[in-house]
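Coordinate-derived values only; no laboratory data. Only a predicted model underlies this, so the values are computations on that prediction, with no experimental measurement involved. A quick note on method: Cβ atoms are made from the backbone with ideal geometry, for glycine too, and the neighbour counts reach across all protein chains shown.
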Amino acid sequence: MTQLSSVRTNTTPQWSDEEWRLRVQLAEFYHLIDYLGWTEMIFNHISARVPGPDHHYLINPFGLFYDEVTPDNLLKIDLAGNLVEPSPYPANPAGFALHSAIHGARADAHCIVHTHTTPISAIALKQDGFGHDDFYGAQLFGRVGYHTFEGITLFAEEKERMLASLGDRNVLVLRNHGIAVCEQDIPRTFMLLWTVQRAAEIQTAAGAIPGANVVLTDDIRSKCSDLADHLVEDAAFATKLFDAIVRKMRRTRGDLWPGDDGVRRKG
Ligand SMILES: [Zn+2]
């Protein structure tokens, strides 16, 4: 296994400042998932599209824990999941299949995250899926698609059905499995995933308490959902949340990787 390092060498590709910032921000997202306890060992991925005309994506090398991801060791791959830049780590096209399907069909989905947290997977197991009566669940009203489980690997013939289940939404419950969340950038994806995670935590806790929930009307749910949608139109809101939790993580953990200076400038 190659040593985990973000020290740049003569063979390091000359990434643009824009790509470097994206690499740092994506590495921060991986560390955040670990910091918040939302990881599933070495499994699952977060992917982000590299700016520019090429359909290239950054993704974690399979086999690393999320807190071992650095801006430098992120793989750059094409839509088929093949490496487009040399890396000591192999590509994992099968692991990218879910992301590939969504990136390929949704030009607005620049970042996709897939998780299996316990509360989300518990909701994904329930026939009715997410409720919309708690503060976060209400924000998801009308914004969640549901895809029937067809097996552990996403096979080619399942892709179209999965995309139909997602439609133009940004949250897809993978029944009996977990969740996929996509948005136009990393902070928005994080904010939406956090909303989904909070809804799942509250609903699984409420489900354990006897007695009926207070039910909201569809009118109130729609108002919550529309407002939540409106808030992310301006990137500043999600960026404030993402940057704040990343600052807190750095205060708690110190440097996230060798050479981490907490600044998204080119190394
Ligand atoms: Zn999964």
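Assigning unit charges at the beta carbon (Lys, Arg +1; Asp, Glu -1) and nothing else, what dipole magnitude in debye, to the nearest 20, does region 196-240 show about its Cα centre?
Charge dipole of region 196-240: 220 debye, to the nearest 20.
Could you give the nm distance between label points at E157 and V84, where each point is 7 Å from its Cα heading toward the beta carbon?
That separation, rounded to one decimal, is 3.1 nm.
How much length is gained if the chain between N176 and H56 is pulled fully straight, taking 0.36 nm per residue apart and subtracting their Cα-Cα distance, in nm to one decimal?
Going from the current span to full extension adds 40.2 nm.
Quick check on region 148-239: take the gyration tensor over C-alpha atoms, sort the square-rooted eigenvalues as a ≥ b ≥ c, and tell me if it's rounded (a/c under 1.5), prolate or oblate.
The shape class here is oblate.
Quote the charge dipole size of the chain about the Cα centre in Debye, to the nearest 20; the model charges only the Cβ of Lys and Arg (+1) and of Asp and Glu (-1).
Magnitude of the dipole: close to 440 debye.
What ranking of Y146, Y30 emerges when the number of other C-beta atoms within 10 Å of each C-beta is taken as an exposure proxy, fewest first?
Ranked by crowding around the Cβ, least crowded first: Y146, Y30.
Using 0.36 nm per residue of separation minus the Cα-Cα distance, give me the extension gain between R198 and A212 in nm, one decimal.
So the extension gain works out to 3.1 nm.
Report, ordered by chain and residue number, the lysines lying within cross-link reach of K223, taken as a straight Cα distance under 26 Å and ignoring same-chain residues fewer than 8 apart.
The reachable lysines, counting only those whose Cα sits under 26 Å from K223, are K126, K240.
Quick check: Cα centre of region 200-261 to Cα centre of region 66-131, how many Å?
Centre-to-centre distance over Cα atoms comes out at 20 Å.
Would you work out which of A91, H147, A107 lies farthest towards the positive end of the dipole of region 39-193? Charges go on Cβ: Lys and Arg +1, Asp and Glu -1.
It is H147.
Can you tell me which aspartates and glutamates have their Cα less than 20 Å from the Cα of K248? Leave out same-chain residues fewer than eight positions away.
E28, D34, D67, E68, D260, D261
Could you estimate the translational diffusion coefficient of region 119-173 from the Stokes-Einstein equation, with Rh from the Kirkwood formula over C-alpha pairs, at 4 °C and 1.567 mPa s, in whole µm²/s?
Approximately 106 µm²/s, per Stokes-Einstein.
Taking the Cβ of H56 as the centre, find all other residues whose Cβ is under 14 Å away and add up their charges (Lys, Arg: +1; Asp, Glu: -1).
In short, -2.
In region 143-222, which GluC sites (Glu not before Pro) fall in coil by DSSP and have 16 or fewer other Cβ atoms within 10 Å?
Within region 143-222, the qualifying GluC sites (Glu not before Pro) (loop, at most 16 other Cβ atoms within 10 Å) are E150.
Which of the three applies to region 1-122, rounded, prolate or oblate, going by the alpha-carbon gyration tensor with a ≥ b ≥ c and a/c under 1.5 meaning rounded?
Taking the square roots of the gyration eigenvalues as a ≥ b ≥ c, region 1-122 is oblate.
When averaged across all projection directions, what area in nm² does the alpha-carbon convex hull of the chain cover?
With every direction weighted equally, the projected area is 14.4 nm².
Roughly how many debye, to the nearest 20, is the charge dipole of region 168-219 about its Cα centre, given +1 on each Lys and Arg Cβ, -1 on each Asp and Glu Cβ, and no other charges?
Dipole size: approximately 200 debye.
Would you order M41, M249, M162 from fewest to most other beta-carbon atoms within 10 Å of each residue's own beta-carbon?
M41, M249, M162
Using Cβ counts within 10 Å as a stand-in for footprinting exposure, how do F65, F190, F130 rank, fewest first?
By the 10 Å Cβ count, ascending, the order reads F65, F130, F190.
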